[in-house]
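Engineer: Starting off with a structure, shown below.
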Amino acid sequence: MVSRVIPVEVFDLVIFGGTGDLARRKILPGLYRRFLAGQLPEGMRIIGAARTDFDDAGYRSFVNDAICEFVKPSKHDKERIKEFVENIHYLAVDAMGESGWTELAALMRPGVIRAFYFSVAPRLFGPLAERLHEYEIADADSRIVVEKPFGRDLETAKALNGVLAESFDEHQIYRIDHYLGKETVQNLMAVRFGNVLFEPLWNSQYVDHIQITVAESVGVGGRGSYYDKSGAIRDMVQNHLMQLLCLIAMEPPSDFEPDAVRDEKLKVIRALDPVDQADIVRGQYRGDDDVASYLEDAENEDSTTESFIAMKLGISNWRWKGTPIYLRTGKRLRDRTSEIAVVFKDPPHSIFGPQEGRRGNVLVIRLQPNEGMNLRVTIKEPGPGGMRLIEVPLDMSFAEALADGDDIPDAYERLIMDVMRGNQTLFMRGDEVEAAWAWTDPIIEAWEKARTKPVPYDAGSSGPDDSLMLLHRDGRRWREIKA
Ligand code: NAP
């Protein structure tokens with residue numbers, strides 16, 4: 001079969017923060033997997049840059065170890081790893097000082113795509129952008145990749161956008177939200193806009209409500225004091241859940257060009273209603289014999305930061321007015337699972353009699369674990385004995401459905417390849433990020449002003465009981481948190 005994968009031109013990818021956790025766990029192993037898949041062009045180079053004093057050989061050994069630790073053993077091919085690391089170099093560069101920059105400038109090759117991954121703390125984004133510009137390392141076609149968090153409110157996000165804009169055009173800036181790189185998230189667009197089946201029903205006339213759940217079973221231990229400064233709304237809702245919501249709710253873009261898609265996402269954020277505090281539940285997990293409480297993990301016994309949040313949102317536009325969207329995300333919940341459930345309305349009338357009930361269809365888009373989709377439909381229970389109805393799932397698990405299903409690229413791999421291809425569709429534009437903060441800021445300000453404390457919930461539960469009430473009072477209920 002002829003490959004339909006869009007090829008990537010020769011590039012130099014500089015990873016600032018090349019010695020850090022993200023580079024080790026995600027970026028470098030992801031690049032190796034794309035190398036194995038034959039998608040990295042001959043002549044490409046990956047240049048690690050940080051303050052640590054490595055030479056090329058030392059850094060190659062660091063990359064080799066990262067691959068051995070974070071790529072599954074069946075992909076450990078000594079020869080192939082050796083070939084891969086031959087493309088890797090290292091330069092000690094200080095983002096806050098002048099050391100290493102002249103050497104980096106000298107290393108750059110003409111006529112080759114240049115990409116700079118800012119896998120460092122956000123306070124270094126500005127200094128890096130400035131120096132890439134000052135030392136004439138970045139050219140008009142260069143790309144920079146920036147990690148979350150992108151600001152902590154509208155003011156800081158605007159300032160960050162401003163700093164980056166001094167050295168780079170918007171078309172050069174790739175703001176990563178790795179949720180957008182997930183196979184299922186893109187499939188959501190394929191299902192919505194590649195089929196005629198769903199789109200006519202995708203509105204408040206047929207959709208009763210939508211649930212978006214991102215549940216984690218781990219606590220914040222280890223990075224508790226960092227997390228305590230952000231909480232679930234900043235860490236998850238403003239970025240990941242908001243992006244999922246945009247893709248579910250947006251109008252069909254005119255084409256799959258980056259700005260056409262991002263314009264439609266932006267319109268969703270701008271159409272979000274302000275949220276009433278009564279429609280928000282914030283929680284903090286309790287500890288038990290086995291696990292520490294949130295307050296212990298955060299090392300802050302007076303913390304008012306939420307490790308769980310559930311909210312009911314409304315979108316004021318023709319398509320969605322009247323269809324509530326319920327979001328929830330939290331730590332130390334029953335299972336690690338992320339899904340979007342589109343719950344359709346019940347059929348208006350049952351021709352099979354009241355005893356058979358009327359249950360609406362549910363389309364579930366699973367992001368993790370086991371990426372896939374599942375549509376609940378009503379059918380007749382097989383066998384004689386009258387017309388008895390049952391609900392069955394039409395299940396599509398990507399791992400099973402695709403020939404090499406366990407090779408679904410990780411979100412980071414896909415996004416890095418898109419950077420190299422110069423495709424910004426799956427990256428957040430500056431105005432999108434600002435609009436999301438403009439919507440989030442008043443919510444945070446209101447609870448900070450009222451000094452409201454999150455309610456406690458048991459570790460391993462589905463979150464606080466109040467969150468169940470958020471749906472019960474509307475005659476609905478959350479789907480079970482189950483991997
Ligand atoms: P990290 O482990 O603390 O690594 C930070 C990196 O920055 C190190 O390579 C460090 O190397 C380098 N660095 C620090 N100061 C520097 C300077 N003055 N000049 C040059 N390099 C410098 O952090 P991380 O977890 O990899 O996270 C990196 C970024 O990704 C952060 O913005 C984070 O919020 C974001 N992020 C991380 C994850 C994750 O899973 N880790 C997930 C999502 C987003 P030296 O000490 O050698 O200089």
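The values are calculated or read from the model by the stated rules, or taken from the named source; none is laboratory data. None of the values given here were measured: they were computed from a predicted structure. No Cβ is skipped: glycine too gets one built from the backbone with ideal geometry, and neighbour counts run over all protein chains shown. The area values use the complete protein model at the heavy-atom level, side chains included, leaving out ligands, DNA and RNA. Shrake-Rupley method; radii C 1.70, N 1.55, O 1.52, S 1.80 Å.
Engineer: How many nm is it between the label spots at Ala106 and Glu445, if each spot is 7 Å from the Cα in line with the beta carbon?
Structural biologist: According to this spin-label approximation, the distance is 5.2 nm.
Engineer: With charges set only on the Cβ (+1 for Lys and Arg, -1 for Asp and Glu), what does the dipole of region 296-402 come to about its Cα centre, in debye to the nearest 20?
Structural biologist: Details: 15 positive and 15 negative charges, 160 e Å.
The dipole magnitude comes to about 760 debye.
Engineer: Just want to confirm a number: the relative contact order over region 54-102, from Cα pairs under 8 angstrom separated by 6+ residues, in percent.
Structural biologist: Details: 30 pairs, mean separation 22.8, N = 49.
It comes to 46 percent, rounded to a whole number.
Engineer: Averaging sequence separations of C-alpha pairs under 8 Å and six or more residues apart, then dividing by the length of region 64-182, give the relative contact order as a whole percent.
Structural biologist: With pairs under 8 Å counted, the relative contact order is 21 percent.
Engineer: Follow-up question, since we're still on this one. How much area per residue is accessible in the chain when the probe is 1.4 Å and only protein heavy atoms are counted (Å²)?
Structural biologist: 46 Å²
Engineer: Here's something else I'd like to know. Under a point-charge model restricted to the Cβ atoms of Lys and Arg (+1) and Asp and Glu (-1), what is the dipole moment magnitude of the chain relative to its Cα centre, in debye to the nearest 20?
Structural biologist: 1400 debye
Engineer: Any chance you could check the Cα centroid distance between region 108-176 and region 1-38 for me, in angstrom?
Structural biologist: 19 Å
Engineer: Straight-line reach from Lys345: which lysines have Cα under 19 Å away, leaving out those fewer than 8 places along the same chain?
Structural biologist: The qualifying lysines are Lys312, Lys321.
Engineer: Out of the DSSP beta bridges found with both residues in the chain, what percent are antiparallel (nearest 5)?
Structural biologist: Of the beta bridges lying entirely in the chain, close to 55 percent run antiparallel.
Engineer: What part of the accessible area of region 189-299, given as a whole %, is carbon or sulfur when the probe is 1.4 angstrom?
Structural biologist: Numbers: 2350 of 4630 Å².
Of all accessible area on region 189-299, carbon and sulfur atoms account for 51 percent.
Engineer: Let me ask another. Multiply the residue gap between Leu124 and Asp465 by 0.36 nm, knock off their C-alpha separation, and tell me the result in nm, one decimal place.
Structural biologist: 118.6 nm
Engineer: Under 8 Å for C-alpha pairs, at least 6 residues apart: give me the relative contact order for the chain, rounded to a whole percent.
Structural biologist: It comes to 17 percent, rounded to a whole number.
Engineer: If I model a spin label at Glu356 and Arg25 as a point 7 Å from the Cα along the Cα→Cβ vector, what separation in nanometres do I get?
Structural biologist: Between Glu356 and Arg25, the label points sit 5.1 nm apart.
Engineer: Quick check on region 339-379: take the gyration tensor over C-alpha atoms, sort the square-rooted eigenvalues as a ≥ b ≥ c, and tell me if it's rounded (a/c under 1.5), prolate or oblate.
Structural biologist: Note, shape of region 339-379 comes out prolate.
Engineer: From the residues Leu241, Pro324, Trp437, which one has its Cα farthest along the dipole of the chain in the positive direction, the dipole being from +1 and -1 charges on Cβ of Lys/Arg and Asp/Glu about the Cα centre?
Structural biologist: Towards the positive end, the residue furthest out is Pro324.
Engineer: What lysines could a cross-link reach from Lys331, if we take a straight Cα to Cα line under 16 Å and drop same-chain neighbours fewer than 8 places away?
Structural biologist: Lys229, Lys482
Engineer: Run the simple label-point estimate for Thr52 and Arg192 please: 7 Å along Cα→C-beta, distance reported in nm.
Structural biologist: The answer from the label model is 4.1 nm.
Engineer: When a/c reaches 1.5 or more, the comparison of a/b and b/c decides; with that in mind, is region 24-131 rounded, prolate or oblate per its Cα gyration tensor?
Structural biologist: Numbers: a/c = 1.94, a/b = 1.64, b/c = 1.18.
Prolate, because a/c is 1.5 or more and a/b exceeds b/c.
Engineer: Restricted to Cα positions, what overall size does the chain have along the principal axes? Three whole-Å values, descending.
Structural biologist: Principal axes ranked by extent give 78, 59, 48 Å for the Cα atoms.
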